[in-house]
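Contents: one structure, followed by commentary.
Values in this text are rule-based calculations from the coordinates and carry no lab data. Because the structure is predicted, anything quoted here is derived from the model rather than measured. Cβ: placed from backbone, ideal geometry, glycine included. Neighbour counts: every protein chain shown.
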Amino acid sequence: MAATAETREQVDEATGDYKYGFVTEIESDFAPKGLNEDIVRFISEKKGEPQWMLDWRLKAYRAWLKMTEPQWAMLDIPPIDYQDAYYYAAPKQQGDGPKSLDEVDPELLRTYEKLGIPLEEQKVLAGVEGAPKVAVDAVFDSVSVATTFRAELEKAGVIFMSISEAIREYPDLVRKYLGSVVPIRDNFFACLNSAVFSDGTFVYIPEGVRCPMELSTYFRINAENTGQFERTLIVADAGSYVSYLEGCTAPQRDENQLHAAVVELVALDDAEIKYSTVQNWYPGDKDGKGGIYNFVTKRGLCKGKRSKISWTQVETGSAITWKYPSCVLQGDESVGEFYSVAVTNNRQQADTGTKMIHQGRNTRSRIISKGISAGRSNNTYRGLVRVQAGASGVRNFTQCDSLLMGDQCGAHTVPYIESRNPGAQIEHEATTSKISEDQMFYCLQRGLDEEAAVEMVVNGFAKEVMQQLPMEFAVEAQKLLGISLEGSVG
Amino acid sequence: MLKIDDLHVSVDGTEIIKGLSLEVKPGEVHAIMGPNGAGKSTLASTLAGRDAYEVTAGSVHYAGKDLLALAPHERAGEGIFLGFQYPVEIPGVSNLNFLRTALNAQRRYRGEPELNGADFMKLAKDKAKDLEMSLDMLKRFVNVGFSGGEKKRNEMVQMAVLDPKLAILDETDSGLDIDALKTVSQGINALRGSDRAILLITHYQRLLDYVVPDHVHVLADGRIVRSGGKDLAHELEAQGYAAAVA
């Protein structure tokens, strides 16, 4: 395979730089470095929060001080100095935030352009007439700076706004559900987020409403050394439906960036939430230098009967990924789904999977996980299927497939099954394969170059998951798989 | 069109092709026959540029270019098609998607405009129909769950759509029943033309009843030991390789 190694070098040379690695120059309104009660108060005050919110944050901060980082994941995490980071940075603005896109710093808009956000979505972001209806709540360095289509959503009764605004405008709704799925003390990173979350998104779909458009948020990390602590809360009231898209890329950095987001979903009777993520944060260079540390807590509560929550994720970025989008199936006959493609290359490490907690009767879950490892990376699927004693008629199906590229990477599958109900039907299938030289040569002989061939074979491998993505994301995500694995054939 | 001069090829340090020379002109069909292990498939793989087939001496020129200097996908773009003895399965990728991506990659290589979805569908459907392949088959994943005969027919559909200048068909007739053999032969004959050439690699003479070659070569132990017209194939069939190359 000497020729392949040579090709890899050439490709690395040509494409070694992270495509989306650039820094936008916007002055940040920093809080001082480090973390203490004063910083928590500073954040809360900056956002003009009510007392109950500050109390909630302080409670979280005090709890966090007594907690330790989880050690059970198959990850080699360098020590993180939590005092050596900024916990608040916002693009500088006059007054209390822009009222329309015209007031948005043009530098921000140029950033989205450079990111290659599809033209239709740029148009949406720019509010061009006749653009497809994908509303984008752009989160730029912790503060939402642009919200589009709010009027049309309002007509449907849908609330889609930054969580800071929601805390001020809909305090009762936020207070009722915030922390109801991921409690303050859930885990070290969720607890930290609860204390210092800077912004995020709030969505509420009223009873019986089918959200008229896909809701989409682009997350960006932009200020140096700024931890990103997003908080997302989506509540789907009885009989409603919403599809939410989250996508991210980040500028190149030398220093590691900590990210600890929390996403909470609540689905009431007969409601359905579809949450799709394409994650492409800076993964670090070939030797693993730089790159985002991504410690995310995502959990959905199927609170109502016949409710459904579906997670779809395409994870290609970050130096370290620690992420388990989960479903608590509380309502009878509720359904949880998890579709995942996780790609690791070079020195990336991912420990990701899901938890399906079956509490209600006749609840069902489906887990499809596709791990792709290349370079010297490590990719672990970690999943829990738990059936509680009273949950009769439970069914689960799990499929974990791993694809290896090269012989220096690792793929691991760690399924936990805890059933306290003998009637539960739980199926688990797992495969591990290598991308075959035969498949590669077949594609090359038909005229595809090496990268296109990898993209083709890998997208075939991940098809079951990719086809769950909304159209707006599917094409981008397919390209992303190819970009992430460039130069890794061998 | 294709000029092979004193070619030596090794695989894992073992020499398989030991000084092979052959010239193929536009419009010609050459059959390369020979016993198992003679180096027939090695020749096909080498011409297509497969890794691990190391050319230790000799040269190959194709359409005035040094073929050995081109990467496999560039050779495809230059119009070389290899019909695989064992077509490969690609789960999750439909035949249509595979073929359209391949065709447009080749067109880009040649500086031609890409074919849009509608034009491509028309082309693929027409070619599939000629080869008695249904639209359903085209929508299925590449070769996944196909019978041996279906895989070979799929190769012919790909060849018809990609429309190569030089087709190298490696044991395309193996494992086919008589009906499939006729269909596949039709596909090959349809490609014949004054500006194209076909290299048929085969173990048996029976394909040559349907695709009549201009030249027949016998490959044994890495060299061409006899060349002749189409009658040579019949002689081989009657007397066996041992007698023919003695």
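For the range A:317-348 and the range A:284-305, what is the separation of their C-alpha centers, rounded to whole Å? When both Cα centres are located, 8 Å separates them. In plain terms, the residue of B:Phe84, A:Phe441, B:Phe120 with the fewest other Cβ atoms within 10 Å comes first and the most crowded comes last, giving B:Phe120, A:Phe441, B:Phe84. Take every DSSP beta bridge whose two residues both sit in the range B:2-245; close to 60 percent of them are antiparallel. Can you give me the distance in nm between label points at B:Glu23 and B:Asp5, each placed 7 Å from the Cα along the Cα-to-Cβ direction? Using points 7 Å along Cα→Cβ, the separation is 1.1 nm. Taking amide H as placed 1.01 Å from N in the peptide plane, the amide H of A:Leu258 sits under 5 Å from that of A:Gln228, A:Tyr293, each at least 5 places away or on another chain. The local environment of A:Val296, defined by Cβ-Cβ distances under 11 Å, has a net charge of 0 under the rule Lys, Arg +1 and Asp, Glu -1.
With a 10 Å cut-off around each Cβ of B:100-106, the average count of Cβ atoms from other chains is 5.
Counting every other Cβ atom within 10 Å of each residue's Cβ, B:Arg108, A:Arg231 order from fewest to most as B:Arg108, A:Arg231.
Taking the number of Cβ atoms within 10 Å of each Cβ as an exposure proxy, the fewest-first ranking of A:Val414, B:Val29 is A:Val414, B:Val29. Peptide B:84-92 is shielded by partner chain Cβ atoms: per residue, an average of 6 of them sit within 10 Å of its Cβ. Taken residue by residue and averaged, Cβ atoms of other chains lying within 10 Å of the Cβ of B:38-50 number 1.
Taking chain B as a Gaussian network of alpha-carbon nodes connected by springs under 10 Å, the highest mean-square fluctuation of the residues B:Ser194, B:Ser59, B:Ser174 belongs to B:Ser194.
What separates the Cα centres of the range B:1-59 and the range B:84-126 is a distance of 27 Å. Over the range B:2-245, Cα pairs under 8 Å with separation of 6+ residues give a relative contact order of 28 percent.
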